[in-house]
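Undergrad: First, the structure itself, so that you have it in front of you.
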Amino acid sequence: MPNFKLELCYDGTRFNGWQRQGNTPNTIQGILERTLSDMLEQEVEVAASGRTDAGVHARRQVASFRAKTPLEPEAMLFALRQLLPGDIGVLSLTEAPPRFHARLNCKSKTYVYRIWNSAEPNVFERKYLTPVSEPLDLSAMRRAAKLLCGTHDFTSFHANKRFKRSAVRTITEIEIVRLGGEVQLRFTGDGFLYHMVRILTGTLLEVGLGQREPETMTAILEAKDRAAAGKTAPAKGLILWDVAY
């Protein structure tokens, strides 16, 4: 059966996350699967590079699905763009190699967390930025971020208590940059646990606000205890920025 690759972007504001759920039809995966199934007149299951939480956005998400259809990818792309709601966009749809799988073949992901670090209001982007009006010590945040890079057990930065598999992940880079009134935290790694980027962000914000010392990151990692880390930053500031294969 032919295999297809989708590249997507979406505004996650009104959705209950990526993953299909039995108690709500309002998920990205659920809407995509229903739309493709109706369009191709067969049951279609879609796999993504990874799940995004409720309220989290994606600049570039990658997904794959199998379907037997006479339609060319260009025709499916055109139809999907007409049928999907305006806050889910299909960037491309191509035929993929038979063994391609969006999640299993993914090598790394980059997430960007956007913070509005100014006393001035930012009315037009308020749905996509987390406001922090107090000054942030970016130098201290960068020192803390450096200690979080590498291969570690990130249990302290993981919100799922019932998770039984390994919490070891590799973060290759955490970049912290200021763009005018905005501060961006850019995380790249081989994979991220449930709420991991948001907990990392909340912890680094506490460092930036002087509530924690940068050097405490090592002790937080060693504790392997969610209570040792900082607050979970709000979903609306987080964007799945890119996926690498």
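Coordinate-derived values only; no laboratory data. Since we're looking at a predicted model, the values are computed, not measured. Heads up, the Cβs are rebuilt from the backbone with ideal geometry, glycines too, and the neighbour counts pull from every protein chain shown.
Undergrad: Using θ = phi - 60° and the Karplus relation 6.51 cos²θ - 1.76 cosθ + 1.60, list the HN-Hα couplings for segment 79-87 in order, rounded to whole Hz, with x at every Gly or Pro.
TA: With the stated coefficients, segment 79-87 comes to 5, 4, 5, 7, 8, 7, x, x, 8 Hz.
Undergrad: Count the lysine pairs in the chain that are 8 or more places apart or on different chains: how many have C-alpha atoms under 27 angstrom apart?
TA: Lysine pairs, 8 or more places apart or on different chains, close enough: 28.
Undergrad: Could you work out the helix-only [θ] at 222 nm for the chain, with each DSSP H run of four or more residues adding -39,500 (n - 2.57) and the total divided by the number of residues, to the nearest 500 deg cm²/dmol?
TA: The helix contribution divided over the chain gives -7000 deg cm²/dmol.
Undergrad: Which one, 191, 167, 116, projects farthest toward the positive side of the charge dipole computed for the chain from Cβ point charges (K/R +1, D/E -1)?
TA: Projecting each Cα onto the dipole axis, the largest value belongs to 167.
Undergrad: Quick check on segment 71-143: take the gyration tensor over C-alpha atoms, sort the square-rooted eigenvalues as a ≥ b ≥ c, and tell me if it's rounded (a/c under 1.5), prolate or oblate.
TA: Oblate, since a/c reaches 1.5 and b/c is not below a/b.
Undergrad: Further, regarding this structure: Along its three principal axes, how long is segment 108-244 when you only count alpha carbons? Whole Å, largest extent first please.
TA: In descending order, the Cα extents are 43, 32, 24 Å.
Undergrad: Tell me the relative contact order for the chain as a rounded percent, counting alpha carbon contacts under 8 Å between residues six or more apart.
TA: It comes to 24 percent, rounded to a whole number.
Undergrad: Same structure again: Just to verify a number: FRET efficiency for residue 168 and residue 137, C-beta to C-beta distance, R0 = 30 Å, to 0.05?
TA: 0.50
Undergrad: In addition: For the chain, what is the Kirkwood hydrodynamic radius in Å, using each pair of distinct C-alpha atoms?
TA: 19.1
Undergrad: About the Cα centre of the chain, how large is the charge dipole given +1 on each Lys and Arg Cβ and -1 on each Asp and Glu Cβ? Please answer in debye to the nearest 20.
TA: Computed charge dipole of the chain: roughly 560 debye.
Undergrad: Name all residues of segment 93-123 having a backbone nitrogen under 16 Å from the label point set 7 Å from the Cα of residue 245 along its Cα→Cβ direction, giving them as ranges.
TA: Inside the label zone: 93-110.
Undergrad: Of all DSSP beta bridges in the chain, what percent run antiparallel (nearest 5)?
TA: Expressed as a percentage, antiparallel bridges in the chain total about 90.
Undergrad: Starting from the Kirkwood Rh over alpha-carbon pairs, what translational D in µm² s⁻¹ does segment 3-96 have by Stokes-Einstein at 10 °C and 1.306 mPa s?
TA: 121
Undergrad: Among 58, 28, 42, whose Cα projects farthest towards the positive end of the dipole of segment 26-67, with charges put on the beta-carbon of Lys, Arg (+1) and Asp, Glu (-1)?
TA: 58
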